[in-house]
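One structure is given here, and the rest of the page talks about it.
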Amino acid sequence: MKKYITGSCLFLIILLGSIAATAQEKILTLEQAIDVALKNNFSIRLARNTAELSANDYAYADFAFAPRLNATAGTNWSRTATKQEFANGTKRDTSGIKGNNINASVNLSWTLFDGLKMFATREKLEAIKDLGELGIKDQIQNSIATLIGGYYNIVQQKQQLRAIREQLSISEERVKLSDAKFTTGLGPKTDLLQSKVDYNAQKALFLRQLTLIEQSKALLNQLMAVPPNAIGYDVQDSIPINASLSFTTLQQNIANNNTAIKVQQQNINISALTIKERRADYFPTVSFNSAYNFNRSTSNAASNNFSPRFNRNGVINYGLTAAIPIFNGFNVKRQVKNARIDFDYQNIALDNIKSQIDLSLNNAFKDYEYYKKALALEEENNTLAEENMMVALERFKQGVSTTIEVKQAQQSLEDSNYRLIQARYNTKLAETELQRLNGSLLK
């Protein structure tokens, strides 16, 4: 008995220490957790990076209408050593002639007409930019939904811990009553031993629940992109439920608010613009071209009387060119056909996404309605289980019931607590899923 009392005191010290530590921890609200995740979450940051690439491409879209200007320049040196003998006996030696040549050119090319491909490309870049922004919103919606589930998972784990504490106090009371009955000879030793076994089992559950809470916090930290061991905080104690969601309202708003549908609709717009780009290759390309060429040659001597020691040229030219596609192995036709196939594919994908979202909405709302009813039922059932536990414990004190009856009542209360907490948590998950599908998590 002394050994048992020492063990109980040690466990009580651990329990009080954990409670004190919890009391000193800062409360992390759901809003704060979401704020941290919006800044740090890896998936959101990757989506932002992709969107920035698209936005950067669009920032330079108007330069597709600007002319292209290129310049080249070069210089070279030469040394000539020539000896000649002619048929009339004349000899000529032009060794030692040094020369230098400088050349430069500026070329301008300006596409005036390309079958309106430039306009389609600019619109496509804008559509891709908008797609990147929608991708961020979609990822934020999904990340917030996951984070809400992770946050309230900790809350429900805390509630389970509180329920285990209540079970511990009941088991401790059973041990005291069984010990008193055994000491006075009013109860068998088996009741005392069974009470101790049940009490130790509850202590093990308590320690396991503490571990689960730490693991759940580590998971939440990963979603917030903070170090996994940063668990020096506590969460709120309750899980608020919005019981007023309407299926009709959700269904009416989902087409305009669901980010997955918007993303796919934007993919269709991009595919349509790709068709315009491909069809533009059927038309000729008209360009304005201009160039200025400069050349200067110098030497220290002339190789003959007709060779200049200094020569400089500057030429400017300009004109129009038209590239007319006549036959290219039906390559343009193939590209246009592929673009139309992709357009049809994107439309089919949109129908598929809408079908999946309709199914998800129906299933999520059915879960939502079921868990709301189950929650109300379990709240009532939990009240009955608590009253039953109090009556059974009082009967055991008065010696009119056995420890088996108390254990059954205690088990009923434990099961009721678990079902109640799970029903509340599952209702919140169903509510969150409905809000995610409706696109209302991000306001």
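The values are calculated or read from the model by the stated rules, or taken from the named source; none is laboratory data. Bear in mind the structure is a predicted one, so any value in this text is a computation, not a measurement. Cβ: placed from backbone, ideal geometry, glycine included. Neighbour counts: every protein chain shown. The area values use the complete protein model at the heavy-atom level, side chains included, leaving out ligands, DNA and RNA. Shrake-Rupley method; radii C 1.70, N 1.55, O 1.52, S 1.80 Å.
In whole angstrom, how long is each semi-axis of the equivalent ellipsoid of region 269-377, when you take the square root of 5 times every eigenvalue of its Cα gyration tensor and sort them from largest down? Could you put the intermediate results ahead of the total?
Working: eigenvalues 1027, 94, 22 Å².
Semi-axes, largest first: 72, 22, 11 Å.
For the chain, set up a GNM with springs between Cα atoms under 10 Å and report which of S195, S171, S95 has the largest fluctuation.
Greatest mean-square fluctuation among the candidates belongs to S95.
What length, rounded to one decimal in nm, is gained on full extension from T298 through to S78, with 0.36 nm per residue of separation minus their alpha-carbon distance?
Details: separation 220, 0.36 × 220 = 79.20 nm, distance 1.01 nm.
Residue separation times 0.36 nm, minus the Cα-Cα distance, leaves 78.2 nm.
Taking all protein chains as present, what is the carbon and sulfur share of the accessible area of the chain, in % to the nearest whole number, probe 1.4 Å?
On the way: 14620 of 26060 Å².
Heavy-atom surface of the chain belonging to carbon and sulfur, 1.4 Å probe: 56 percent.
To the nearest 10 square angstrom, what accessible area does M389 show with a 1.4 Å probe?
Approximately 10 Å² for this residue.
Might you tell me the accessible area per residue for region 185-257, computed with a 1.4 Å probe and given in Å²?
Working: 3920 Å² over 73 residues.
Each residue of region 185-257 exposes 54 Å² on average to a 1.4 Å probe.
Using only the heavy atoms of the protein chains and a 1.4 Å probe, how would I231, I148 rank by accessible area, largest first? Working shown, then result.
Numbers: I231 50, I148 15 Å².
The ordering from most to least exposed comes out as I231, I148.
With charges set only on the Cβ (+1 for Lys and Arg, -1 for Asp and Glu), what does the dipole of the chain come to about its Cα centre, in debye to the nearest 20? Working shown, then result.
Details: 51 positive and 42 negative charges, 492 e Å.
Computed about the Cα centre, the dipole is about 2360 debye.
Can you give the FRET efficiency for E394 and A225, using 1/(1 + (r/R0)^6), R0 = 45 Å, r = Cβ-Cβ distance, to the nearest 0.05?
On the way: r = 52 Å, r/R0 = 1.16.
Taking R0 as 45 Å, the efficiency between E394 and A225 is 0.30.
Counting helices only, and only those DSSP H runs with n ≥ 4, report the 222 nm mean residue ellipticity of the chain as the sum of -39,500 (n - 2.57) divided by its residues, in deg cm²/dmol to the nearest 500. List each step's numbers first, then the result.
Numbers: 9 runs with 292 residues, N = 443.
It lands at -24000 deg cm²/dmol.
Can you run phi through the Karplus equation (6.51, -1.76, 1.60; θ = phi - 60°) for region 52-66 and list ³J(HN,Hα) in whole Hz, with x for Gly and Pro?
Coupling constants for region 52-66: 5, 4, 5, 5, 5, 4, 5, 4, 9, 4, 5, 6, 5, 8, 7 Hz.
If you count only protein heavy atoms with a 1.4 Å probe, what accessible area per residue comes out for region 20-80, rounded to a whole Å²? If you can, show how the numbers build up before the last one.
Details: 4410 Å² over 61 residues.
Ligands and nucleic acids excluded, the result is 72 Å² per residue.
Lysines near K337 by alpha-carbon distance under 22 Å, same-chain residues fewer than 8 away left out - which ones?
Partners found: K117, K124, K276.
Give the dimensionless ratio obtained when the Cα radius of gyration of the chain is divided by 2.2 N^0.38 Å. Walk me through the numbers before you get to the answer.
Working: Rg = 41.1 Å, N = 443, 2.2 N^0.38 = 22.3 Å.
The chain yields a ratio of 1.85.
State, as an integer percentage, the relative contact order of the chain based on alpha-carbon contacts under 8 Å between residues 6 or more apart.
Details: 564 pairs, mean separation 98.3, N = 443.
In percent, rounded to a whole number, it is 22.
Springs between alpha-carbon atoms under 10 Å, Gaussian network over the chain: tell me which of F283, F65, F330 tops the mean-square fluctuations.
F330
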